[in-house]
1. Run through every distinct alpha carbon pair of segment 53-138 and return the Kirkwood hydrodynamic radius in angstroms, one decimal place.
2. Once fully extended, how much extra length lies between GLN350 and ARG395, figured as 0.36 nm per residue of separation less the alpha-carbon to alpha-carbon distance?
3. If I stretch the segment between ILE359 and ASP22 completely, what's the gain in nm (0.36 nm per residue apart, minus their alpha carbon distance), one decimal?
4. Any idea how far the Cα center of segment 322-363 sits from the one of segment 13-80, in Å?
5. As an exercise, use a Förster radius of 51 Å and the Cβ-Cβ distance of GLU100 and ARG381 to find the FRET efficiency, rounded to the nearest 0.05.
6. Please report how far the C-alpha centroid of segment 102-138 lies from that of segment 375-396, rounded to the nearest whole angstrom.
7. Could you check the spin-label model distance between ALA119 and VAL407? Points 7 Å from the Cα along Cα→Cβ, value in nm.
8. Determine, for each peptide in 216-223, 357-364, the mean count of other beta carbons within 10 angstrom over its residues, then list the peptides with the highest first.
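A short reminder: the numbers here are calculations on the coordinates, not readings from a lab. Not measured: the values here are computed from a predicted model. Please note: Cβ atoms are built from the backbone with ideal geometry, for glycine as well, and neighbour counts cover all protein chains shown.
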Amino acid sequence: MFEIKRREKMTERALLVGAYLDASKKIEAQSLFEELEELVDTLGIPVVERKLVHYREQHARYLIGSGKAHELIDFAKEHQCDVIIFDNELTPSQQRNWEELAGMTVADRQEIILDIFGARAQTREARIQVDLARMQYSLPRLTRAWSHLGQQGGGIGAKGEGESQLEQDKRKIRLQIDRLKRELEQVRSARATQRKDRKRAPVPNAAIVGYTNVGKSSLLRRLTGAEVFVENKLFATLDTTTRKIALPNKQPLLLTDTVGFVRKLPHQLVEAFNATLEEAALSDFLIHVLDASQDQVMEFYNTTMRVLADLGADTKQMLIVFNKIDKVTDPYAVAALRRHFPEAVFVSVQTGEGMTDLIERIGEFVVRGTITVDLRLPVARADLLARLNRDGAVRDVRYEHEFTQVVATIPASSLEVFAPFLPASPALPADAARAAVE
């Protein structure tokens with residue numbers, strides 16, 4: 001199988017460059033620049049220097065003016081840098097122009113994120129998604145990889161070996177992209193089958209969403225006691241993890257951790273990770289985790305909401321959770337967040353502060369999608385009693401001669417199954433069922 005040729009590992013000395021066009025957005029550019037440094041640090045690349053550059057107009061050749069480009073390259077060589085990493089998205093031609101001018105590796109934010117995802121992918125699904133994104137990113141950049149063959153061949157107008165090899169590789173990549181898309185569809189089909197199995201035993205499901213590195217996996221671990229991977233780095237979790245939790249009222253709940261969001265996420269990854277992120281769109285409600293200690297918390301909130309809107313999940317019931325309040329040094333910042341999000345819960349997963357309140361609020365969200373029923377089950381239908389214990393919360397059981405009287409709280413989606421055993425009538429009409437849920 002044709003493989004994209006990876007360039008030499010960038011582990012030596014990097015110059016970070018952030019270029020911004022609108023002078024009024026300097027603070028936002030600075031924030032993104034700091035995030036780029038975190039991304040580069042996640043890959044283990046030492047940063048020698050950082051340059052935040054303002055330019056007045058966009059240039060097709062280098063993004064910024066040629067004079068500034070030469071200045072940055074001279075600076076990089078003076079400091080013995082091996083790679084220049086841009087916070088901006090470079091076109092394939094701009095990236096090639098920079099490398100030809102600098103004589104060194106030039107990468108952009110998209111490539112850094114793709115490298116992180118490639119290093120973190122563990123499961124078959126994640127590897128397929130990352131490989132697909134890599135192929136889509138690399139396809140228009142193949143000229144750069146094969147430029148050393150461009151002079152081979154003869155005659156004016158003749159098709160040289162380099163060009164022939166380039167076209168062959170492009171075809172191979174397109175075939176691999178088609179294959180990976182088919183495999184991804186198979187993954188989505190398998191997920192749909194898993195959901196059907198869950199619907200047969202309908203337990204409420206909540207998806208934990210939020211910006212990367214806000215503590216989503218730590219929250220899942222704290223709530224469920226599950227041994228899930230936790231690391232203080234960007235994109236520590238790439239695969240969805242689902243664990244079951246029993247709430248204080250004995251109502252079961254499935255909690256699903258999802259991949260974190262980030263600003264300027266490569267569009268190839270947004271498309272490729274739809275299979276993973278659709279868990280959020282199909283959950284009963286969302287737990288949106290935010291880092292209260294971050295100055296850009298509102299920007300992170302807006303980024304997550306934009307991605308959820310793309311998935312059609314932004315209108316779902318949502319519990320806002322501000323984590324890491326133990327790291328907040330400004331009490332006025334927390335007060336401002338409380339005014340803006342009066343229904344939010346403020347916690348510290350690390351210390352346990354606010355966790356009791358959070359569990360109570362999660363229970364309230366679950367109750368909104370449940371109904372308490374008084375059932376009269378035939379003694380022979382022990383399977384129904386077992387299902388009540390598995391999917392809902394049994395409040396009271398009284399055994400009679402031929403029937404078992406049960407009071408239980410069940411998901412509203414299970415009402416149709418148990419409707420024939422309601423004492424009011426042998427079968428509950430549809431209108432009555434709707435009224436009961438409401």
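1. Numbers: mean 1/r = 0.0701 Å⁻¹.
Result for segment 53-138 stands at 14.3 Å.
2. Numbers: separation 45, 0.36 × 45 = 16.20 nm, distance 3.37 nm.
Computed gain between GLN350 and ARG395 is 12.8 nm.
3. Numbers: separation 337, 0.36 × 337 = 121.32 nm, distance 4.40 nm.
Answer, rounded to one decimal: 116.9 nm.
4. Going from one Cα centre to the other spans 36 Å.
5. Numbers: r = 76 Å, r/R0 = 1.49.
The computed FRET efficiency comes out at 0.10.
6. Each part reduced to its Cα centre gives a spacing of 50 Å.
7. Spacing of the two 7 Å Cα→Cβ label points: 5.7 nm.
8. Values: 216-223: 22.4, 357-364: 16.1.
For the peptides 216-223, 357-364, the packing ranking is 216-223, 357-364.
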